[in-house]
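Before any comments, here is the structure.
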Amino acid sequence: MPSKEKVRRKLILIRKKRYFSVDTNFFKPLIRIINKKKKRNIYLYYPSNYEVDTLKLFNAIRQRRDVSTSLPVISSNGKMKFFKWKLNESLKVNNYGFLEPVKKNKANAPDLILVPLVAYDKFHNRLGYGKGYYDRFLKKHTKNKKNPLTIGLAFSFQKYKKIPISKHDVKLDYVLTEKGIF
């Protein structure tokens with residue numbers, strides 16, 4: 001089985017070559033889940049490096065007063081926390097090159113966590129960028145009774161036959177692609 005790093009490099013190149021812009025239709029299954037399951041505190045990411053563009057989702061739910069959106073911030077000690085953020089609020093580039101909120105308004109506990117990924121498999125394993133931020137965060141926040149729903153956002157071409165996994169990896173509940181949610 002190829003190493004995680006080998007799979008990661010391969011899939012990042014494929015994503016860069018095959019990336020396409022998504023529209024609001026991409027997020028319709030997710031919006032149905034948000035409405036049906038009354039998900040109010042949504043943790044998202046600001047897109048970079050040819051990731052699925054979550055700005056379309058921010059736009060689709062921005063008028064909803066009952067929904068709070070939050071973005072991740074990575075601290076100097078390598079921990080990831082989420083802070084409330086609304087579309088058009090200020091962002092800054094962090095030490096890792098990602099955009100994060102300037103205002104640090106503490107986020108409510110998540111109902112739904114949308115996770116970026118490099119690759120995924122049919123077993124709901126994900127491969128990220130290799131630093132473990134999301135795995136550590138998910139491990140900590142998905143152990144209680146009120147588990148937040150975790151959904152990876154990807155393009156269908158990012159599916160890999162079997163992601164190499166370790167004991168630190170956390171499976172997702174679902175993956176949403178342009179072909180739907182599974």
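Near the amide H of Arg126, within less than 5 Å, lie the amide hydrogens of Leu172, all on another chain or at least 5 residues away, with H placed in the peptide plane. Amide H contacts of Ser68 (H built 1.01 Å from N, in plane; Pro and chain starts excluded): Asn41, Ile42 sit under 5 Å, all sequence-distant by 5 or more or on other chains. The mean sequence separation of alpha-carbon pairs under 8 Å and at least six residues apart, normalised by the residue count of the range 35-182, gives a relative contact order of 21 percent. Among beta bridges identified by DSSP and lying wholly in the chain, the antiparallel ones come to about 50 percent.
The helix-only estimate of mean residue ellipticity at 222 nm for the chain, built from DSSP H runs of length n ≥ 4 each weighted as -39500 (n - 2.57), is -6500 deg cm²/dmol after division by the residue total. In loop segments of the range 90-122 as defined by DSSP, the trypsin sites (Lys or Arg not before Pro) with at most 15 further C-beta atoms inside 10 Å of their C-beta are Lys103, Lys104, Lys122. Each Cα pair of the chain feeds into the Kirkwood radius, which the Stokes-Einstein equation turns, at 4 °C and 1.567 mPa s, into a diffusion coefficient of 78 µm²/s.
Taking the range 118-133 and a reference point 7 angstrom along Cα→Cβ of Ser166, the backbone N atoms nearer than 18 Å belong to 118-120, 125-133. Close amide-amide hydrogen proximity is noted between Val115 and Ile151, Gly152, Leu153, each under 5 Å apart and 5 or more residues distant or on a separate chain (H modeled in the peptide plane; Pro and chain starts excluded). Looking at the range 1-50, the trypsin sites (Lys or Arg not before Pro) that sit in a DSSP loop and have at most 15 other Cβ atoms within 10 Å of their own Cβ are Lys37, Lys38, Arg40.
Coordinate-derived values only; no laboratory data. This is a predicted model, so every value here is computed, not measured. Every residue, glycine as well, gets a Cβ built from its backbone with ideal geometry; the counts of neighbours run over all protein chains shown.
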